[in-house]
Structure formats: C-alpha cells, structure tokens
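What follows is a short report on a single structure.
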Amino acid sequence: MNTVTRRSLLAAPAVGLAANTMNGEAGKPALLGGKAVRTGRFPAWPVFDQTEEEALVAVVRSGKWNRTSGANVKRFEETYGRLTGAKFCIATSSGTGALQSSLAALGVGPGDEVILPPYTFVATLNVILNMHALPVFVDSDLETGLIDAHKIEGAITERTAAIIPVHLAGSVADLDSILPVAKKHNVAVIEDTCQSHLSEWRNRKAGTYGTTGCFSFQASKNLNCGEGGAILTNDEDVYRKCFAAHYNGNMTDFMHGTKFCITEFQAAMLLAQLTRLEQQAKTREQNAQYLTSLLREIPGIIPARMHEGCTRNAYHLYMLRYDKEQFAGLPRAKFLKALHAEGIPAGSGYGPLNKVKYLKNALHSRGYQRVYSSQEIAQLEERNHCPVNDRVCAEFVWLTQNVLLGKRSDMEQIAEAMRKVQKHAGELVNA
Ligand SMILES: *Cc1c(COP(=O)(O)O)cnc(C)c1O
C-alpha cells in the first residue's frame, strides 16, 4: 500500500488523500502493462469444513443411501419447507428435474404453450421442449433483465398452460403483475427459483407464490450439494403429482413419471450447507448494496434495477448494464478483458435463448411436425422475437455470487477498476 501510494504520488502529486481511488486509476491499465488494481483472489466456492465431511461419512456408514431408506432427505424437506414457509417440499436430483416434474404434474404436453423469458439458463427452455410443448418467449425488460411482465398478457392464448417467470440472479420477477394475469386466464405459474434461495417478494419467500417454486442446488448455486433441486408447493394435489412425476409414478396408480430422485448423500450435504446460507445471504446482500452505491457514481455502469416488491435479493449474480458510449465506445468484450487484467472476474452472461440452434432443430423435429403444422411453427418463430433481450444480452455484465462473499474493500476495488478502465478507455479502444 505504501509503495503504491508513493508511486502514485510521484505520478500525480496534486491528488489528495483518497489513496484507494488514486493508486490504480492514475496508473496505466493492467491490460497495457500497468499494475493491476487487485491481485488477490475473491472468496472460493464452495465453502465447507468438517461438518460436510462428517455428514457424508455418517451416510456412508449408515448404509441407507436413498430417500426411502434414510432420514436426511425427509429432514431436509421439512427444514427447507419451514425455512421458506411452503406447505410441501420435494427434494429432487436437479432444478431441471424440479421444473420438469412441475410441468408433468400440471399435465403440460403436446399442443400446450408455455411462456418463459429469453434471458435465462437453458434448462427453463429444455423442460418445455422435453414435454413437446411450445415455448413462447416474452421479451426482457432492459432495466431489470427480467421478464417484462406487462407483455405477458399479450402472449397468452387459449393454449397457454403455464408461465415460468425466472427470478434471475436472485432478483424477483414482477409477481404483482404476473399473478393476477395468470389467475384471470387460468394459467399456472411455475416460479423458476433456481437462482433465488431466500429471495423475497413483499417479505414472503420467492417460490411460494406460484403453483410450484423450483430450486436448484447445483454446484454454482447459493445452496449447493453438487447436483440437486427442490419443488415447493402449497397444494396437496400438486404435491402428490409432483412426487409421482419425479419418482416413476410412485404413490399413485393414475400417473406415470420419470426419475429425478435425490440421494441421502446430497440431502446430508444440503443440511450442512444450510447452516451457512442465511449468513452468506446477508453478506452478499450487504456487499451488493454497497457495490451498487459505488457503481451508481460511474457514468455508463448501470446496476440492474430491482422491482419495488423484491424485498430480498439472493444475489446469485450481480448484474449491471454497460453503456460503452460512456467508455469512449470500448466494446463490452474489451471492457471485460481490461477488468480481468485488473483482477476483477466479470463475465458477459447469457446469449439470446430464443435464438439457439437447438430450439429451431426441436421445433422442426419429427415429433413436433406431427403435432404442429409448419404454419403454427412459423407463427411461433415470428412471435418469439425479443429485441429488448438482444440488447440485454449485448450490454449486461455479471459478477458471480462468490465475489460478494468477501469484504467491503473488495467492492471498492471493483468500482476502482471500472473507473480506471473508464479513465483510460480511449487508449484501450485503440490498443
Ligand atoms: C441452474 C438453473 C436451472 C437448472 O438447475 P439444475 O440444477 O442445473 O438442473 C434452471 N433455471 C435456472 C434459472 C438456473 O439458474
């Protein structure tokens, strides 16, 4: 720190006392050979200790490894249900399995339409295609990056069976608009809460508003057991159907299913990881709020807006919009490269899901062609243009949740690196 400060003072003797804002900014960008704002690593993920090791060993020694023989799955379901305030919880093998079981429970199949946002992980789309239903994309909102809820009603037809709003990054989609529209048209809502553990809408947990809420416990997620998921519901009939759907129809003689079962190993890991979740969520939230206050001061860095009803954001990701016009036209890819050189691991996020090649392939597959006319498919492809989302995909920048698990000074360095890149944007454009 001292040597850095001294060097900076030599380079810019008139600067005042704000050492942490001047040492990096005054110097050359790291991408052009200067000194990086930061060389330390951000907190590692996952976080674990002996608690996890002992929990796993206990399952091994018990010899009870699946959900019907052991007690961990049941305990996790009760604990997670209580934590979220949901009446029923079914742990599954993945978030994808949770979503697909929900669609199966609702009887979604060939001929149905399902509404989803185009700015989400591929699984939200895949489960719809797996049921041979039609995915109908509703455009994103530029400020939040979430589904533009005001455009949902216009996308509903007599074939619409479900809406899957995604609480992307932990930021809750506009449920005040979505729920009444769904109710009016008698369409089910499946909340994709795969990124929103402990997120809240009007002080109630995300995932408890829809017919189901579907969580993921995959390795990158804020609650992690390697691979895993859960379905929340308050409806006993839906609970029974979801259970059947995820367990080869078990418990019923009226419904078949597939197998998306969680194991005792995963549930034991989840119970251990759950002991850290609330504290980690608090840390992320505090750091994210501080980061937002810092980034608001930088022209061209626009932190993603949250809906007013989102009373808690899980910050699985920290999302912002990058306006290159405020950075001398520096393209986003180069902005990210310059940030990486400064020691800040920012990423570019999702591409437009409505434009992926496998969607076209699926819609023109033999199975789809038997169910839908080529005119229907052509009309769907016309409806699925999402021009705002194209901008979201081109302009958004992400930081992952582990970046928010460290200190306030980490947030200051993120802001400092962005200011430094901005200050030298002209040189970086031409470099
Ligand atoms: C992770 C994720 C999923 C899928 O969860 P898996 O556990 O990986 O199957 C679905 N939707 C979103 C938005 C996700 O982030």
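The values are calculated or read from the model by the stated rules, or taken from the named source; none is laboratory data. These figures come from a predicted structure and were not determined experimentally. Because the Cβ atoms are built from the backbone with ideal geometry, glycine has one as well, and the counts that use them run over all protein chains shown. Calculation scope for accessible area: heavy atoms of the full protein, side chains included, ligands and nucleic acids excluded. Shrake-Rupley method; radii C 1.70, N 1.55, O 1.52, S 1.80 Å.
A few comments on the model shown:
- Some residue of segment 65-77 being away from the ligand (no atom under 15 Å from the Cβ), of a type in the set (S, T, Y) and at negative phi: yes
- No other residue among L404, L330 is modelled with pLDDT of 95 or more, more than 24 Å from A169 (Cα to Cα) and touching a Lys or Arg at 6+ places or on another chain (Cβ under 6 Å) apart from L330.
- Single match in A244, A314 (criterion: modelled with pLDDT of 95 or more, open to solvent by less than 40 Å² (accessible area, probe 1.4 Å), touching a His at 6+ places or on another chain (Cβ under 9 Å) and more than 15 Å from the ligand (Cβ to nearest atom)): A244
- Checking each residue in segment 393-426 for being of a type outside the set (F, W, Y) and not in a helix (DSSP H, G or I) picks out V397, L399, T400, G406, K407, H424.
- With respect to being in contact with an Asp or Glu (Cβ under 9 Å, 6 or more places away or on another chain) and within 22 Å of E308 (Cβ to Cβ), T208 fits the description.
- Segment 108-123, residues that are within 14 Å of the ligand (Cβ to nearest atom) and over 19 Å from K151 (Cα atoms): F121, V122, A123
- Test: residue in segment 362-378 that is touching a residue at least 24 places away in the same chain (Cβ under 8 Å), part of a helix (DSSP H, G or I), loosely packed, with under 12 Cβ neighbours inside 10 Å and within 25 Å of the chain's Cα centre (by Cα): no
- Residue list for segment 78-95, restricted to those being within 12 Å of the ligand (Cβ to nearest atom) and farther than 14 Å from T212 by Cβ: S93, S94
- Residues that are touching a strand residue (DSSP E or B) at 6+ places or on another chain (Cβ under 6 Å), of a type in the set (S, T, Y) and more than 10 Å from the ligand (Cβ to nearest atom) within segment 209-235 comprise T211, T212, T233, listed in sequence order.
- Within segment 174-200, considering residues that are of a type in the set (D, E, K, R) and within 15 Å of the ligand (Cβ to nearest atom), the one farthest from L223 (Cα to Cα): E191
- The residue that is most open to solvent (accessible area, probe 1.4 Å), among those in segment 80-118 that are polar (S, T, N, Q) and closer than 17 Å to S196 by Cα, is T96.
- The helices (runs of 4 or more DSSP H) falling completely within segment 46-152 that include 2 or more residues that are in contact with a strand residue (DSSP E or B) (Cβ under 9 Å, 6 or more places away or on another chain) and in contact (Cβ under 8 Å) with a residue 12 or more places away in the chain map to 72-84, 95-105, 122-130.
- Scan segment 188-230 for residues that are part of a strand (DSSP E or B) and surrounded by fewer than 24 Cβ atoms within 10 Å (Cβ to Cβ) and the total you get is 5.
- Residue tally, condition open to solvent by 60 Å² or more (accessible area, probe 1.4 Å), over 18 Å from L198 (Cβ atoms) and assigned to a loop (DSSP other than H, G, I, E, B), over segment 288-311: 5
- Inter-residue pairs, beta-carbon under 9 Å, first modelled with pLDDT of 95 or more and in segment 203-218, second within 12 Å of the ligand (Cβ to nearest atom) and aromatic (F, W, Y), 6+ apart: G207/F215; S216/F121
- Meets criteria (open to solvent by less than 10 Å² (accessible area, probe 1.4 Å), under 20 Å from H316 (Cα atoms), modelled with pLDDT of 95 or more and in contact with a Ser or Thr (Cβ under 6 Å, 6 or more places away or on another chain)) for V392: yes
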